[in-house]
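Written below as structure tokens is the structure these notes are about.
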Amino acid sequence: MTTKPGTYRVADNSPVAFVEALRTWVPLAHEELVTRARRYNDVIKYKELGDLVQERSGIRTRMLLTNWIGKLLEEVAILAKAAGEPPLTSLCVRQDGTIGGGYARAPKSVVDLPGEDIEVYAAGHRLLCYRAYDAVGLPADGGRPELTKEVAERRAARRAATEPAPRPRCPTCHTELPASGRCDYCA
């Protein structure tokens, strides 16, 4: 019984050098990221992009996604930078909606610093992509940087958990009620 090589052609199970696979996958990933850039606030997950390039190319790898997706995205970033395109790799996020720390080191055509919040940094770059590709759904005012849905929800939940609950108010005069629960003005 023969085993499949680490990276192989689906059609005949013949081995493919990983660098050759990358050369095939990079334009496919680039094309998909441009497609995502044409829809406001659209992103793609690492796994989805990895599956897509393998399916479309007919070349698969048995390597763990975490061992090769970063290299694919780095190559796409280099291609985008060379073409003067916005940072398309900002449109590819982890399963939990985060961009990942490596994004700060990725080649980009824009010269800026990531700051303390890598998610806000990537959101700004995603907006550059949506604007550059005239995204469907882009607001007339040009939109604003937005966190991914998952990140925004987690941050909102965290804020809600740390904010004190609003104090009850009098239904008549709307002043804050004292500990007795009876309004001193309307009672």
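Only the coordinates and a few stated rules stand behind these numbers; no lab work does. Note that this is a predicted model, so its numbers are computed, not measured. FYI the Cβ positions are ideal-geometry reconstructions off the backbone, even for glycines, and counts take in every protein chain you see.
Here are the numbers:
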read-out	value
Environment charge at D134 (Cβ cut-off 12 Å; Lys +1, Arg +1, Asp -1, Glu -1)	+3
Dipole magnitude of the stretch 7-147 about its Cα centre (Cβ charges: Lys, Arg +1; Asp, Glu -1), debye to nearest 20	280 debye
Average projected area [Cα convex hull, the chain], square nanometres	17.1 nm²
Candidate lysines for bridging to K45, where Cα separation is under 22 Å - those fewer than 8 sequence places away on the same chain excluded	K71, K81, K108, K149
Net charge over other residues, Cβ less than 9 angstrom from the Cβ of P107 (K, R count +1; D, E count -1)	+2
GNM result for the chain, Cα springs below 10 Å: residue of V93, V16, V111 fluctuating most strongly	V111
Label-zone membership for the stretch 50-82, site R131, 7 angstrom Cα→C-beta point, backbone N under 18 Å	81
Under-5 Å amide H pairs with K45, H placed in peptide plane, nonlocal only	V93
For the chain, built as a Gaussian network whose Cα springs stay under 10 Å, the top-fluctuating residue of C173, C129, C92	C173
Residue-by-residue Karplus 3J(HN,Hα) for the stretch 43-56, coefficients 6.51, -1.76, 1.60, Hz, glycine and proline x	9, 10, 7, 3, 4, 4, 5, x, 5, 4, 5, 5, 5, 5
Taking L64, L28, L33 and counting other C-beta atoms within 10 Å, the order from fewest to most	L64, L28, L33
